[in-house]
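Since every read-out is calculated from the coordinates, none of them should be taken as a lab result. Source: prediction; values computed, not measured. Heads up, the Cβs are rebuilt from the backbone with ideal geometry, glycines too, and the neighbour counts pull from every protein chain shown.
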Amino acid sequence: MIKDKIDDHKPWKFYYGKHDKLDATHSLAEIDGPFDMYNMAIEIPLEQMIPIMKLMKKESFDCADRFSVTGGIIQGEFEIWDGDYKKHLYFCVDFTLQQAIKFLKQTNPAIGFIPVGIPQMMIGAQHIFTIETIREILKIKTSIDEDSNRPETWKVG
């Protein structure tokens, strides 16, 4: 019954026992997200929408994600917060194999947040980072490092 924090579960260890399974905190919905941004969304009860909406209004916030397989169940964990990790929001969902395959086919993987039962209403989305995303970030970083017109505050290296 590991839950409420991604750090509680080690990604490199194999888990088999029932006691190792994460407790899903939310349900997952297959949807056609706006502008093809995402095809899977975490359903959020009304009382939990306000903290997410506050975070989504910000220009940026911190997030983390992890996927695991325990006892044949594919699970995704997602966290979002802004500065103070003590106020982080944690979501854990179970994926069916078909949902995981559909999720994998996204060009830029993201998970949406929607109110329970209202798939057309987007509250927000969390981008899921991939190796390709990190490669793109490194290309941008190294190209700006080499640019002689980079901002003075830019940290090179």
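Just a few scattered comments:
- 5 angstrom amide H check on residue 116, placed H, neighbours 5+ away: 44, 46
- Around residue 115: net Lys/Arg minus Asp/Glu count, Cβ-Cβ under 14 Å: -2
- When region 88-157 is described by a simple charge dipole with +1 on each Lys and Arg Cβ and -1 on each Asp and Glu Cβ, the residue from 126, 93, 143 located farthest towards its positive end is 93.
- Taking only the C-alpha atoms of region 38-83, Rg followed by Dmax gives 13.0, 38 Å.
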